[in-house]
Amino acid sequence: MKRFIQGEHRGQSTLLPESLDDYVSETNPVRVVDVFVDELDLATLGFDGVIPAETGRPAYHPAILLKIYIYGYLNRIQSSRRLEREAQRNVELMWLTGRLMPDFKTIANFRKDNSKAIRGVCRQFVVLCQQLGLFSENLVAIDGSKFKAVNNRDRNFTSAKLKRRMEEIESSISRYLAALDAADRQVPTASEPDATRLAEKIEKLKTQMKELQLIEAQLNDSPDKQVSLTDPDARSMMTRGNGIVGYNVQTAVDTQHHLIVAHEVTNVGSDRDQLSSMAKLAREAIGSETLSVVADRGYFKGEEILACHNANISAYVPKPMTSNAKADGRFNKDAFVYDATKNEYTCPAGEALIWRFSSVEKGMNMHCYWSSKCQSCTLKTQCTPSTNRRVRRWEHEAVLEDMQRRLNHEPEMMRVRKRTVEHPFGTLKQWMGATHFLTRKLNGVSAEMSLNVLAYNLKRVMKIIGTEGLLKAMAA
Ligand code: SF4
């Protein structure tokens, strides 16, 4: 081992006792965690146990447990059992907690019981970012991503899956019964073991069928006709062509520094109803009067875009390509120009499509327009296979048209969206690895995601203004 750097001998006594503080440099992120938590008003945030009980065994202060969790998520140690181990051997954690070593149950219960307060802590850091002027562009990108739940796919049931399973069991029972009949007709000595085995199998399938019938009763009672046995709040949802049982995490990310301004965990698989609520959360977090939000086609929904418009939020959401006419090579609706003063459309042949009637479709007040000249039109084959080409217009269509004009004027918005949202979700998924959420139910999962988001934002801000800069900002 000569000509290599040599370590100390394990038996060597240290002559001068070193303090834990000597092991933690002035710019160590663990100091940020310490100062950040010390500056929080944990009682106002709603943490349990801020005021100690008069009697009984003294408990850990919530600040200690919160520091352990924030440190853990910053260092990709999310499990309570691993955090317990780290508290016993990790010098930074010893420094942070004053060598307190709570057991894993205490650590896990803290996260479970303080979900709402932990979400508040995450919001507090966003407030600090806002005070530091990190959201100056007033533009956020909204996106959602699916994260796996504890629930295995086999323990989640939809009506179709349940029906399929029941049919499979029924056909197996019929097959075994037929085999049992055949076995009965054979010589008794030879068939006896076979018959017993088949009867056992049939009995087992009947038990499974009873279990499925119980699940069917639960499924009929559930509003979205889905049952998850391990995590009752987890839902089966599609992601990139594959189904997972999990949660849909929505984020609003600022386009300047890629900080997560607002987030929400839902168990609704679709993004269509999320735009206005996320935009409003983001605007509240940024503390601005106006806000622009950009999102992908999955968020396009007239009512949601109107809600943003009414809240003085400018939305940028491209329209999904769902036109049958365009797919069939006929004129798209874009080829018809609306004249608001006359309340009529002009078609590619230059004819006027006048207002005919209004109706309510899926809760939306729609106006219908057509021209009487279609029968004699030379462009009819390129326009419609029906008697007349009918154009429908939502009563608030002008809001959607304004948004399309903004998108045409600023085509770079979609590129901004892409490069903004990929960063946080890519990082969060990498941190969580191939695993799933560790907790069950929406409450626990929300707390977990808040800790992940807080860790992500802390790391980003430390990267942007440096650990010293952040420490100074928090102490100010
Ligand atoms: S078919 Fe009717 S709506 Fe279409 S271009 Fe001809 S006149 Fe216009």
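A short reminder: the numbers here are calculations on the coordinates, not readings from a lab. None of these values were measured; they are calculated from a predicted model. Note: ideal-geometry Cβ built from the backbone for every residue, glycine included; neighbour counts use all protein chains shown.
Tabulated data
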{"item": "Sites matching GluC sites (Glu not before Pro) across the stretch 52-103 that sit in DSSP coil, with at most 15 neighbouring C-beta atoms within 10 Å", "result": "Glu54"}
{"item": "Amide proton proximity set for Val268, modelled H, under 5 Å, gap of 5+", "result": "Asn248"}
{"item": "Whole-Hz ³J(HN,Hα) from phi, Karplus 6.51 cos²θ - 1.76 cosθ + 1.60, for the stretch 340-356, glycine and proline x", "result": "5, 5, 8, 6, 8, 9, 10, 8, x, 8, x, 8, 8, 9, 8, 5, 10"}
{"item": "Value of [θ]222 nm, deg cm²/dmol, for the chain, DSSP H segments ≥ 4, -39500 (n - 2.57) each, nearest 500", "result": "-15500 deg cm²/dmol"}
{"item": "Point-to-point label distance, Thr55-Ser172, nm (Cα→Cβ direction, 7 Å offset)", "result": "5.6"}
{"item": "Gain upon complete extension [Lys116, Arg185; 0.36 nm per residue less C-alpha separation]", "result": "18.1 nm"}
{"item": "Estimated dipole of the chain in Debye, rounded to 20 [Cβ of Lys and Arg +1, of Asp and Glu -1, Cα centre]", "result": "1300"}
{"item": "For Ser228, residues with placed amide H under 5 Å, excluding near neighbours", "result": "Phe157"}
{"item": "Charged-residue dipole, Cβ positions (Lys, Arg, Asp, Glu), the stretch 264-397 about Cα centre, Debye nearest 20", "result": "700"}
{"item": "Inter-label distance for His367 and Asp41, nm, one decimal - labels placed 7 Å from Cα along Cα-to-Cβ", "result": "5.2"}
{"item": "The chain, relative contact order in percent, only Cα pairs under 8 angstrom and at least six apart counted", "result": "19"}
{"item": "Karplus 3J(HN,Hα) series, Hz, for the stretch 436-453 with 6.51 cos²θ - 1.76 cosθ + 1.60 (x for Gly, Pro)", "result": "10, 4, 8, 9, 10, 6, 4, 4, x, 5, 5, 5, 4, 5, 4, 5, 5, 5"}
{"item": "Among Trp394, Gly466, Gly426 the positive-end extreme of the charge dipole of the stretch 365-476 (Cβ point charges)", "result": "Trp394"}
{"item": "Gain in span if fully extended, His396 to Gln88, counting 0.36 nm per residue against the direct Cα distance", "result": "104.7 nm"}
{"item": "Residue among Gly287, Ile260, Leu205 farthest towards the positive dipole end of the chain, charges placed on Cβ", "result": "Leu205"}
{"item": "Three-way shape call for the chain based on the alpha-carbon gyration tensor, with the a/c threshold at 1.5", "result": "oblate"}
{"item": "Lys342 paired with Gln213, simple spin-label distance in nm, labels 7 Å along Cα-to-beta-carbon", "result": "6.8"}
{"item": "Residue-wise HN-Hα coupling along the stretch 202-218, computed from phi with Karplus coefficients 6.51, -1.76, 1.60 (Hz; x: Gly, Pro)", "result": "5, 4, 4, 5, 5, 5, 4, 5, 4, 4, 5, 5, 5, 5, 4, 5, 5"}
{"item": "Cross-link pairs beyond the 23 Å C-alpha cut-off, checked among Lys67/Lys280; Lys280/Lys301; Lys301/Lys362; Lys225/Lys362; Lys148/Lys280; Lys148/Lys362", "result": "Lys67/Lys280; Lys148/Lys280; Lys148/Lys362"}
{"item": "DSSP-loop trypsin sites (Lys or Arg not before Pro) across the stretch 95-161, with at most 14 other Cβ within 10 angstrom", "result": "Arg99"}
{"item": "Amide H contacts under 5 Å for Leu259, placed H, 5+ residues apart", "result": "Asp254"}
{"item": "Using a Förster distance of 51 Å, the FRET efficiency for Ala311-Thr14 (Cβ separation, nearest 0.05)", "result": "0.25"}
